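J.: Sharing a structure here in C-alpha coordinates format.
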Amino acid sequence: MDRSAILRLLHSATSPSASAAKRRIVRFWHHSDYERFLLEWSNFDMPSEDASEAVRHLPSIEAFSLPVTSELLAIAPANGIWMENDPCVSVHATVHKPVAREKGIPWGVQEIKAPLAWSTTTGHRVKVGVIDTGVDFSHPDLKQSLGRGINLLNRGSLPHDDNGHGTHIAGTIAAANQLHGMIGVAPRATVHPVKAFDHNGSAFVSDIVLGIDWCVRSGMDIVNMSFGMKTRSKSLLTAVNNAYNAGVIIVASSGNDGKRKSIDYPARYPQTIAVGATNRLRRIAPFSNRGMHIDVYAPGDKILSSWLRGKYNEMSGTSMATSHVSGAIALLLAHRPGLTPTDIKAVVKRSMLPLRGTKTPRLTGELDVLRMLQAVER
(Lines give C-alpha, C1' and ligand atoms only; values in the text may rest on other atoms or scores of the structure.)
Protein backbone atom coordinates (compact mmCIF):
# COMPACT_ATOMS: atom_id res chain seq x y z
CA MET A 1 0.00 0.00 0.00
CA ASP A 2 1.61 3.28 -1.05
CA ARG A 3 1.81 6.44 1.02
CA SER A 4 -0.36 8.48 -1.32
CA ALA A 5 -3.33 6.10 -0.83
CA ILE A 6 -3.00 6.38 2.95
CA LEU A 7 -2.84 10.17 2.81
CA ARG A 8 -5.86 10.34 0.50
CA LEU A 9 -7.88 8.34 3.04
CA LEU A 10 -6.74 10.50 5.96
CA HIS A 11 -7.29 13.81 4.13
CA SER A 12 -10.74 12.70 3.00
CA ALA A 13 -11.74 11.49 6.51
CA THR A 14 -10.70 14.75 8.18
CA SER A 15 -12.02 17.19 5.58
CA PRO A 16 -15.13 19.34 6.27
CA SER A 17 -17.12 17.24 3.78
CA ALA A 18 -16.35 13.98 5.64
CA SER A 19 -19.58 14.18 7.64
CA ALA A 20 -21.48 13.25 4.49
CA ALA A 21 -19.39 10.10 3.95
CA LYS A 22 -20.31 6.73 5.42
CA ARG A 23 -18.24 5.50 8.36
CA ARG A 24 -16.38 2.29 7.52
CA ILE A 25 -13.92 -0.05 9.20
CA VAL A 26 -10.65 -0.27 7.28
CA ARG A 27 -8.50 -3.40 7.62
CA PHE A 28 -5.40 -4.51 5.77
CA TRP A 29 -4.40 -7.61 3.86
CA HIS A 30 -0.83 -7.33 5.12
CA HIS A 31 0.35 -6.50 8.64
CA SER A 32 3.05 -4.24 7.15
CA ASP A 33 0.33 -2.06 5.57
CA TYR A 34 -1.37 -1.69 8.94
CA GLU A 35 1.96 -0.61 10.46
CA ARG A 36 2.46 1.90 7.62
CA PHE A 37 -1.03 3.35 8.08
CA LEU A 38 -0.49 3.57 11.84
CA LEU A 39 2.77 5.49 11.31
CA GLU A 40 1.26 7.94 8.81
CA TRP A 41 -1.78 8.52 11.03
CA SER A 42 0.35 9.21 14.13
CA ASN A 43 2.37 11.80 12.16
CA PHE A 44 -0.64 13.27 10.35
CA ASP A 45 -1.35 16.93 11.04
CA MET A 46 -5.04 17.04 12.00
CA PRO A 47 -6.79 20.20 10.75
CA SER A 48 -8.98 20.47 13.88
CA GLU A 49 -9.99 18.77 17.13
CA ASP A 50 -13.20 17.52 15.49
CA ALA A 51 -11.13 15.99 12.69
CA SER A 52 -9.00 14.02 15.13
CA GLU A 53 -12.23 12.39 16.43
CA ALA A 54 -13.06 11.22 12.90
CA VAL A 55 -10.35 8.54 12.82
CA ARG A 56 -10.63 5.80 15.45
CA HIS A 57 -7.85 3.29 16.00
CA LEU A 58 -9.00 -0.28 16.77
CA PRO A 59 -5.71 -1.89 17.82
CA SER A 60 -7.10 -5.24 18.95
CA ILE A 61 -8.24 -6.02 15.39
CA GLU A 62 -5.51 -3.98 13.63
CA ALA A 63 -8.04 -1.65 12.02
CA PHE A 64 -9.29 1.92 11.80
CA SER A 65 -12.79 3.37 11.64
CA LEU A 66 -13.19 6.52 9.55
CA PRO A 67 -15.54 8.20 7.05
CA VAL A 68 -14.82 6.86 3.54
CA THR A 69 -16.34 8.25 0.33
CA SER A 70 -17.71 5.92 -2.37
CA GLU A 71 -14.89 7.04 -4.67
CA LEU A 72 -12.21 5.93 -2.19
CA LEU A 73 -14.11 2.72 -1.44
CA ALA A 74 -13.65 1.70 -5.08
CA ILE A 75 -9.86 1.92 -4.92
CA ALA A 76 -9.55 -0.10 -1.70
CA PRO A 77 -8.93 -3.61 -3.15
CA ALA A 78 -6.15 -2.35 -5.42
CA ASN A 79 -4.36 -0.96 -2.37
CA GLY A 80 -4.55 -4.08 -0.22
CA ILE A 81 -7.34 -2.63 1.93
CA TRP A 82 -10.44 -4.49 3.03
CA MET A 83 -13.43 -2.38 4.13
CA GLU A 84 -16.79 -2.99 5.72
CA ASN A 85 -19.49 -0.66 6.97
CA ASP A 86 -19.30 0.59 10.57
CA PRO A 87 -23.06 0.43 11.18
CA CYS A 88 -25.15 1.61 14.11
CA VAL A 89 -26.23 -0.95 16.70
CA SER A 90 -29.22 -0.52 19.04
CA VAL A 91 -29.95 -1.71 22.57
CA HIS A 92 -32.52 -4.51 22.86
CA ALA A 93 -35.32 -3.09 24.98
CA THR A 94 -38.90 -2.25 24.12
CA VAL A 95 -41.32 -0.18 26.18
CA HIS A 96 -40.50 1.07 29.63
CA LYS A 97 -42.58 2.73 32.32
CA PRO A 98 -41.72 4.32 35.65
CA VAL A 99 -42.75 2.36 38.72
CA ALA A 100 -42.99 3.16 42.39
CA ARG A 101 -40.13 2.01 44.59
CA GLU A 102 -40.51 -1.70 45.13
CA LYS A 103 -38.51 -3.31 47.90
CA GLY A 104 -37.19 -6.81 47.73
CA ILE A 105 -36.45 -9.30 45.02
CA PRO A 106 -37.84 -8.74 41.48
CA TRP A 107 -39.84 -11.59 39.96
CA GLY A 108 -37.18 -12.54 37.42
CA VAL A 109 -34.49 -12.93 40.08
CA GLN A 110 -36.89 -15.19 42.01
CA GLU A 111 -37.87 -17.10 38.87
CA ILE A 112 -34.31 -18.23 38.09
CA LYS A 113 -33.92 -19.32 41.77
CA ALA A 114 -30.98 -16.98 42.44
CA PRO A 115 -31.99 -16.35 46.11
CA LEU A 116 -31.75 -20.09 46.83
CA ALA A 117 -28.08 -19.98 45.76
CA TRP A 118 -27.03 -16.98 47.90
CA SER A 119 -26.10 -19.14 50.87
CA THR A 120 -23.53 -20.78 48.55
CA THR A 121 -22.48 -17.92 46.25
CA THR A 122 -23.21 -14.21 45.76
CA GLY A 123 -20.86 -13.54 42.84
CA HIS A 124 -18.10 -12.14 45.06
CA ARG A 125 -15.13 -10.71 43.12
CA VAL A 126 -16.52 -11.64 39.70
CA LYS A 127 -16.08 -8.76 37.22
CA VAL A 128 -18.90 -8.09 34.75
CA GLY A 129 -18.25 -5.64 31.93
CA VAL A 130 -21.53 -4.06 30.77
CA ILE A 131 -21.15 -2.54 27.30
CA ASP A 132 -24.13 -0.23 27.25
CA THR A 133 -25.26 3.36 27.87
CA GLY A 134 -23.29 3.77 31.11
CA VAL A 135 -24.66 3.68 34.66
CA ASP A 136 -26.17 5.98 37.30
CA PHE A 137 -23.28 6.12 39.80
CA SER A 138 -25.44 7.75 42.46
CA HIS A 139 -28.16 5.08 42.51
CA PRO A 140 -28.40 3.77 46.12
CA ASP A 141 -28.91 0.19 44.92
CA LEU A 142 -25.73 0.23 42.80
CA LYS A 143 -23.25 2.13 44.96
CA GLN A 144 -21.76 -1.06 46.40
CA SER A 145 -21.75 -2.84 43.05
CA LEU A 146 -19.76 -0.63 40.69
CA GLY A 147 -16.12 -0.83 39.65
CA ARG A 148 -13.97 1.22 37.30
CA GLY A 149 -15.35 1.64 33.80
CA ILE A 150 -14.71 3.73 30.68
CA ASN A 151 -16.59 6.28 28.60
CA LEU A 152 -15.71 5.60 24.95
CA LEU A 153 -17.77 8.57 23.73
CA ASN A 154 -15.97 11.05 25.96
CA ARG A 155 -12.71 9.66 27.32
CA GLY A 156 -12.35 12.43 29.90
CA SER A 157 -15.68 11.68 31.62
CA LEU A 158 -17.05 8.92 33.78
CA PRO A 159 -19.42 6.49 32.00
CA HIS A 160 -22.54 8.28 33.25
CA ASP A 161 -25.84 6.97 31.90
CA ASP A 162 -27.93 9.47 29.92
CA ASN A 163 -30.42 6.87 28.65
CA GLY A 164 -31.33 4.49 31.50
CA HIS A 165 -30.84 1.16 29.74
CA GLY A 166 -27.36 0.50 31.17
CA THR A 167 -28.50 1.32 34.71
CA HIS A 168 -31.41 -1.13 34.33
CA ILE A 169 -29.05 -3.89 33.14
CA ALA A 170 -26.60 -3.23 36.00
CA GLY A 171 -29.40 -3.45 38.58
CA THR A 172 -30.58 -6.87 37.45
CA ILE A 173 -27.01 -8.19 37.46
CA ALA A 174 -25.77 -6.87 40.80
CA ALA A 175 -28.02 -4.42 42.69
CA ALA A 176 -27.32 -4.77 46.42
CA ASN A 177 -29.64 -2.73 48.64
CA GLN A 178 -31.58 -5.38 50.49
CA LEU A 179 -32.91 -3.14 53.28
CA HIS A 180 -34.26 -0.23 51.25
CA GLY A 181 -34.23 -1.10 47.55
CA MET A 182 -33.91 -4.01 45.15
CA ILE A 183 -31.45 -6.86 44.93
CA GLY A 184 -30.01 -8.32 41.73
CA VAL A 185 -29.01 -11.83 40.70
CA ALA A 186 -25.39 -11.61 41.94
CA PRO A 187 -25.33 -8.88 44.63
CA ARG A 188 -21.60 -9.21 45.39
CA ALA A 189 -20.44 -9.19 41.76
CA THR A 190 -18.86 -5.99 40.43
CA VAL A 191 -20.28 -4.22 37.37
CA HIS A 192 -17.76 -2.27 35.27
CA PRO A 193 -19.73 0.10 33.00
CA VAL A 194 -18.43 0.56 29.46
CA LYS A 195 -20.27 3.46 27.83
CA ALA A 196 -20.33 2.80 24.08
CA PHE A 197 -23.97 3.82 23.49
CA ASP A 198 -25.30 7.38 23.36
CA HIS A 199 -28.45 8.86 24.93
CA ASN A 200 -30.54 7.31 22.11
CA GLY A 201 -29.21 3.81 22.81
CA SER A 202 -27.12 3.74 19.60
CA ALA A 203 -23.47 2.87 19.03
CA PHE A 204 -21.14 2.21 16.12
CA VAL A 205 -19.67 -1.28 15.79
CA SER A 206 -16.22 0.34 16.20
CA ASP A 207 -17.26 1.62 19.67
CA ILE A 208 -18.29 -1.91 20.64
CA VAL A 209 -15.00 -3.34 19.35
CA LEU A 210 -13.17 -0.83 21.57
CA GLY A 211 -15.46 -1.78 24.47
CA ILE A 212 -14.72 -5.50 24.09
CA ASP A 213 -11.00 -4.72 23.87
CA TRP A 214 -11.20 -2.70 27.12
CA CYS A 215 -13.01 -5.59 28.84
CA VAL A 216 -10.34 -8.09 27.79
CA ARG A 217 -7.45 -5.82 28.83
CA SER A 218 -9.15 -4.95 32.14
CA GLY A 219 -9.63 -8.58 33.18
CA MET A 220 -13.41 -8.89 32.94
CA ASP A 221 -14.77 -12.40 33.57
CA ILE A 222 -18.09 -11.77 31.79
CA VAL A 223 -19.24 -9.23 29.21
CA ASN A 224 -22.96 -8.37 28.99
CA MET A 225 -24.07 -7.33 25.48
CA SER A 226 -27.74 -6.35 25.55
CA PHE A 227 -27.82 -5.07 21.96
CA GLY A 228 -27.65 -6.30 18.41
CA MET A 229 -27.91 -5.77 14.69
CA LYS A 230 -29.22 -7.69 11.70
CA THR A 231 -26.02 -7.82 9.63
CA ARG A 232 -22.87 -9.75 10.41
CA SER A 233 -19.61 -7.87 10.93
CA LYS A 234 -16.21 -9.50 10.52
CA SER A 235 -14.67 -6.83 12.74
CA LEU A 236 -17.13 -7.54 15.56
CA LEU A 237 -16.61 -11.29 15.13
CA THR A 238 -12.83 -10.81 15.39
CA ALA A 239 -13.26 -8.83 18.63
CA VAL A 240 -15.65 -11.46 20.05
CA ASN A 241 -13.17 -14.19 19.09
CA ASN A 242 -10.32 -12.35 20.80
CA ALA A 243 -12.39 -12.18 24.01
CA TYR A 244 -13.44 -15.82 23.77
CA ASN A 245 -9.83 -16.94 23.27
CA ALA A 246 -8.84 -14.85 26.30
CA GLY A 247 -11.35 -16.78 28.43
CA VAL A 248 -13.98 -14.02 28.65
CA ILE A 249 -17.63 -15.16 28.66
CA ILE A 250 -19.83 -13.08 26.35
CA VAL A 251 -23.59 -13.06 26.96
CA ALA A 252 -25.66 -11.48 24.17
CA SER A 253 -29.35 -10.73 23.57
CA SER A 254 -31.16 -12.33 20.64
CA GLY A 255 -33.35 -9.36 19.60
CA ASN A 256 -36.95 -8.26 19.93
CA ASP A 257 -38.45 -8.89 16.47
CA GLY A 258 -40.44 -12.01 17.39
CA LYS A 259 -38.57 -13.99 14.70
CA ARG A 260 -38.85 -17.77 14.82
CA LYS A 261 -35.67 -18.80 12.99
CA SER A 262 -33.29 -15.88 13.20
CA ILE A 263 -31.51 -13.89 15.89
CA ASP A 264 -29.37 -10.77 15.86
CA TYR A 265 -25.58 -10.45 15.87
CA PRO A 266 -23.43 -10.76 18.00
CA ALA A 267 -25.73 -13.30 19.75
CA ARG A 268 -25.70 -15.38 16.58
CA TYR A 269 -21.96 -15.97 16.79
CA PRO A 270 -21.25 -19.39 18.39
CA GLN A 271 -18.64 -17.82 20.71
CA THR A 272 -21.41 -16.05 22.65
CA ILE A 273 -24.22 -17.28 24.90
CA ALA A 274 -27.39 -16.23 23.05
CA VAL A 275 -30.36 -15.31 25.25
CA GLY A 276 -34.09 -15.21 24.51
CA ALA A 277 -36.80 -13.83 26.81
CA THR A 278 -39.59 -15.49 28.79
CA ASN A 279 -42.58 -14.09 30.67
CA ARG A 280 -44.10 -14.89 34.09
CA LEU A 281 -45.93 -17.89 32.59
CA ARG A 282 -42.55 -19.43 31.67
CA ARG A 283 -43.41 -19.11 28.00
CA ILE A 284 -41.30 -17.41 25.33
CA ALA A 285 -42.24 -13.72 25.33
CA PRO A 286 -44.02 -12.76 22.06
CA PHE A 287 -41.39 -10.12 21.21
CA SER A 288 -38.39 -12.45 21.67
CA ASN A 289 -36.47 -13.87 18.74
CA ARG A 290 -36.25 -17.63 19.11
CA GLY A 291 -35.14 -20.84 17.39
CA MET A 292 -32.11 -23.08 17.16
CA HIS A 293 -29.56 -20.29 17.67
CA ILE A 294 -30.80 -19.52 21.21
CA ASP A 295 -28.72 -21.08 23.98
CA VAL A 296 -30.98 -20.24 26.93
CA TYR A 297 -34.11 -18.25 27.83
CA ALA A 298 -34.49 -16.04 30.89
CA PRO A 299 -37.07 -13.60 32.31
CA GLY A 300 -37.37 -10.54 30.06
CA ASP A 301 -40.97 -9.35 30.26
CA LYS A 302 -41.96 -6.46 32.57
CA ILE A 303 -38.68 -6.54 34.50
CA LEU A 304 -38.30 -4.04 37.33
CA SER A 305 -34.83 -2.61 37.91
CA SER A 306 -32.85 0.51 38.74
CA TRP A 307 -33.20 3.69 36.67
CA LEU A 308 -31.75 7.18 36.39
CA ARG A 309 -31.79 9.62 39.35
CA GLY A 310 -32.17 6.80 41.87
CA LYS A 311 -35.52 5.70 40.45
CA TYR A 312 -36.95 2.41 39.16
CA ASN A 313 -38.39 1.37 35.81
CA GLU A 314 -40.13 -1.61 34.30
CA MET A 315 -38.71 -2.69 30.93
CA SER A 316 -39.22 -5.57 28.53
CA GLY A 317 -36.75 -7.03 26.07
CA THR A 318 -34.15 -9.71 25.46
CA SER A 319 -31.77 -7.15 27.01
CA MET A 320 -33.39 -7.80 30.38
CA ALA A 321 -33.15 -11.56 29.90
CA THR A 322 -29.44 -11.25 29.11
CA SER A 323 -28.69 -9.45 32.37
CA HIS A 324 -30.27 -12.34 34.33
CA VAL A 325 -27.92 -14.78 32.56
CA SER A 326 -24.83 -12.61 33.17
CA GLY A 327 -25.73 -12.48 36.88
CA ALA A 328 -26.27 -16.25 37.02
CA ILE A 329 -22.87 -16.91 35.41
CA ALA A 330 -21.29 -14.55 37.98
CA LEU A 331 -22.78 -16.74 40.73
CA LEU A 332 -21.39 -19.85 39.04
CA LEU A 333 -17.91 -18.38 38.51
CA ALA A 334 -17.61 -17.20 42.11
CA HIS A 335 -18.48 -20.75 43.18
CA ARG A 336 -16.25 -22.44 40.60
CA PRO A 337 -13.49 -20.06 39.38
CA GLY A 338 -11.57 -21.13 36.30
CA LEU A 339 -14.45 -22.45 34.20
CA THR A 340 -13.86 -21.62 30.52
CA PRO A 341 -16.46 -20.05 28.17
CA THR A 342 -16.97 -23.53 26.66
CA ASP A 343 -17.51 -25.06 30.12
CA ILE A 344 -19.98 -22.33 31.11
CA LYS A 345 -22.04 -22.69 27.94
CA ALA A 346 -22.23 -26.46 28.43
CA VAL A 347 -23.35 -26.06 32.06
CA VAL A 348 -26.01 -23.48 31.13
CA LYS A 349 -27.43 -25.74 28.41
CA ARG A 350 -27.26 -28.88 30.55
CA SER A 351 -29.14 -27.33 33.44
CA MET A 352 -32.05 -25.56 31.68
CA LEU A 353 -35.63 -26.14 32.78
CA PRO A 354 -37.91 -27.13 29.87
CA LEU A 355 -40.21 -24.31 28.83
CA ARG A 356 -43.98 -24.38 28.78
CA GLY A 357 -45.70 -24.45 25.43
CA THR A 358 -42.75 -25.49 23.27
CA LYS A 359 -42.70 -28.52 21.01
CA THR A 360 -38.99 -29.16 21.51
CA PRO A 361 -38.55 -28.94 25.29
CA ARG A 362 -35.24 -30.82 25.33
CA LEU A 363 -33.56 -28.41 22.91
CA THR A 364 -34.46 -25.23 24.69
CA GLY A 365 -35.16 -24.14 28.24
CA GLU A 366 -35.13 -21.47 30.91
CA LEU A 367 -32.22 -20.46 33.11
CA ASP A 368 -32.11 -22.16 36.55
CA VAL A 369 -29.30 -21.14 38.93
CA LEU A 370 -29.71 -24.06 41.34
CA ARG A 371 -29.52 -26.59 38.53
CA MET A 372 -26.41 -24.81 37.21
CA LEU A 373 -24.65 -25.14 40.55
CA GLN A 374 -25.68 -28.80 40.78
CA ALA A 375 -24.45 -29.45 37.23
CA VAL A 376 -20.86 -28.43 38.08
CA GLU A 377 -20.83 -30.81 41.06
CA ARG A 378 -21.46 -33.82 38.86
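J.: What number of residues within segment 62-110 satisfy the criterion of being buried (at least 21 other Cβ atoms within 10 Å of the Cβ) and within 30 Å of Val251 (Cβ to Cβ)?
T.: So the count comes out to 11.
J.: In contact with a Gly (Cβ under 7 Å, 6 or more places away or on another chain), free of Cβ contacts under 8 Å to residues at least 40 places away in the same chain, in the same structural domain as Gly228 (by TED's automatic domain parsing) and within 23 Å of Asp213 (Cα to Cα), is that true of Pro193?
T.: no
J.: Restricting attention to segment 341-354, report how many residues are out of contact with any strand residue (DSSP E or B) (no Cβ under 6 Å at 6 or more places or on another chain) and either part of a helix (DSSP H, G or I) or in contact (Cβ under 8 Å) with a residue 40 or more places away in the chain (or both). Steps first, answer last, please.
T.: Applying the first criterion (out of contact with any strand residue (DSSP E or B) (no Cβ under 6 Å at 6 or more places or on another chain)) to segment 341-354 yields 342-343, 346-347, 349-351.
This time we only want the ones that are either part of a helix (DSSP H, G or I) or in contact (Cβ under 8 Å) with a residue 40 or more places away in the chain (or both), so: 342-343, 346-347, 349-350.
Within segment 341-354, residues that are out of contact with any strand residue (DSSP E or B) (no Cβ under 6 Å at 6 or more places or on another chain) and either part of a helix (DSSP H, G or I) or in contact (Cβ under 8 Å) with a residue 40 or more places away in the chain (or both) number 6.
J.: Quick one: is Ala321 assigned by TED's automatic domain parsing to the domain that holds Ser119 and in contact with a strand residue (DSSP E or B) (Cβ under 7 Å, 6 or more places away or on another chain)? Even if it seems obvious, please write down each step before you answer.
T.: Values: assigned by TED's automatic domain parsing to the domain that holds Ser119: yes; in contact with a strand residue (DSSP E or B) (Cβ under 7 Å, 6 or more places away or on another chain): yes.
Criteria met by Ala321.
J.: Does segment 197-220 contain any residue that is in contact with a helix residue (DSSP H, G or I) (Cβ under 6 Å, 6 or more places away or on another chain), over 23 Å from Arg56 (Cα atoms) and aliphatic (A, V, I, L, M)? Outline the logic, then answer.
T.: Just the residues of segment 197-220 that are in contact with a helix residue (DSSP H, G or I) (Cβ under 6 Å, 6 or more places away or on another chain), to begin with: 201, 205, 209, 212-213, 216.
Still in the list and also over 23 Å from Arg56 (Cα atoms): none.
Looking for residues that are in contact with a helix residue (DSSP H, G or I) (Cβ under 6 Å, 6 or more places away or on another chain), over 23 Å from Arg56 (Cα atoms) and aliphatic (A, V, I, L, M), one finds none in segment 197-220, hence no.
J.: For segment 226-280, how many residues are more than 21 Å from Ser65 (Cβ to Cβ), out of contact with any helix residue (DSSP H, G or I) (no Cβ under 7 Å at 6 or more places or on another chain) and assigned to a loop (DSSP other than H, G, I, E, B)?
T.: 11
J.: Is it the case that segment 112-125 has a residue that's part of a strand (DSSP E or B), touching a residue at least 12 places away in the same chain (Cβ under 8 Å) and in contact with a helix residue (DSSP H, G or I) (Cβ under 8 Å, 6 or more places away or on another chain)? Working first, answer last.
T.: So the first thing to find is which residues in segment 112-125 are part of a strand (DSSP E or B), and the list is none.
No, the conditions are met nowhere in segment 112-125.
J.: What single numbered condition from (1) touching a Lys or Arg at 6+ places or on another chain (Cβ under 6 Å); (2) more than 27 Å from Thr167 (Cβ to Cβ) fails to hold for Met292?
T.: All conditions pass for Met292, except number (1).
J.: Among the candidates Gly134, Gly149, single out the residue that is crowded, with 22+ Cβ neighbours inside 10 Å and on the phi > 0 side of the Ramachandran plot. Break it down into steps so the answer makes sense when it comes.
T.: Working: Gly149 fails: on the phi > 0 side of the Ramachandran plot.
Going through Gly134, Gly149 in turn, the sole match is Gly134.
J.: Which pairs turn up if I take residues in segment 8-26 that are free of Cβ contacts under 8 Å to residues at least 60 places away in the same chain and look for partners that are of a type outside the set (A, V, I, L, M) and buried (at least 16 other Cβ atoms within 10 Å of the Cβ) with beta carbon separation below 6 Å, at least 6 apart in sequence or on another chain?
T.: Leu10/Phe44; Ala13/Pro67; Ala18/Pro67; Ala21/Pro67; Ala21/Thr69; Val26/Phe64
J.: Going by the structure shown, is Leu116 crowded, with 16+ Cβ neighbours inside 10 Å and out of contact with any strand residue (DSSP E or B) (no Cβ under 6 Å at 6 or more places or on another chain)? Break it down into steps so the answer makes sense when it comes.
T.: Working: crowded, with 16+ Cβ neighbours inside 10 Å: no; out of contact with any strand residue (DSSP E or B) (no Cβ under 6 Å at 6 or more places or on another chain): yes.
No.
J.: Hey, Gly338 hits all of (1) touching a residue at least 40 places away in the same chain (Cβ under 8 Å); (2) surrounded by fewer than 22 Cβ atoms within 10 Å (Cβ to Cβ) but one; which does it fall short on?
T.: Result: Gly338 fails condition (1) only.
J.: Are any residues in segment 158-183 touching a Gly at 6+ places or on another chain (Cβ under 6 Å) and either assigned to a loop (DSSP other than H, G, I, E, B) or of a type in the set (Asp, Glu) (or both), and if so, which ones?
T.: Pro159, Asp161, Asn163, Ala175
J.: Restricted to segment 15-34, and to residues that are surrounded by 14 or more Cβ atoms within 10 Å (Cβ to Cβ) and more than 21 Å from Glu62 (Cβ to Cβ), which residue is modelled with the lowest pLDDT? Let's see the steps before the verdict.
T.: We begin by selecting, within segment 15-34, every residue surrounded by 14 or more Cβ atoms within 10 Å (Cβ to Cβ); these are 15, 18, 21, 23-28, 33-34.
Then keep just the ones that are more than 21 Å from Glu62 (Cβ to Cβ); that gives 15, 18, 21.
On the way: Ser15: 86, Ala18: 78, Ala21: 87.
That would be Ala18.
J.: Among (1) surrounded by fewer than 20 Cβ atoms within 10 Å (Cβ to Cβ); (2) of a type outside the set (Asp, Glu); (3) modelled with pLDDT under 95, there is one condition Tyr312 misses while meeting the rest; what is its number?
T.: Unmet condition: (1).
J.: I'd like the full set of residues that are over 27 Å from His165 (Cβ atoms), free of Cβ contacts under 8 Å to residues at least 60 places away in the same chain and assigned to a helix (DSSP H, G or I), limited to segment 54-96.
T.: Ser70, Glu71, Leu73, Ala74, Pro77, Ala78
J.: Further question on the same structure: Scanning segment 38-50 for residues that are out of contact with any helix residue (DSSP H, G or I) (no Cβ under 8 Å at 6 or more places or on another chain) and under 18 Å from Arg8 (Cβ atoms), which turns out surrounded by the most Cβ atoms within 10 Å (Cβ to Cβ)? Let's see the steps before the verdict.
T.: The first filter runs over segment 38-50 and keeps only residues out of contact with any helix residue (DSSP H, G or I) (no Cβ under 8 Å at 6 or more places or on another chain), leaving 38-39, 42-43, 45, 47-50.
Filter again for under 18 Å from Arg8 (Cβ atoms), leaving 38-39, 42-43, 45, 47.
On the way: Leu38: 16, Leu39: 12, Ser42: 8, Asn43: 7, Asp45: 7, Pro47: 12.
Ranking the candidates gives Leu38 first.
The values are calculated or read from the model by the stated rules, or taken from the named source; none is laboratory data. The shown structure was predicted, so the numbers you read here are calculated from the model rather than taken from an experiment. So basically every Cβ, Gly included, is an ideal-geometry build from the backbone, and we count neighbours across all protein chains shown.
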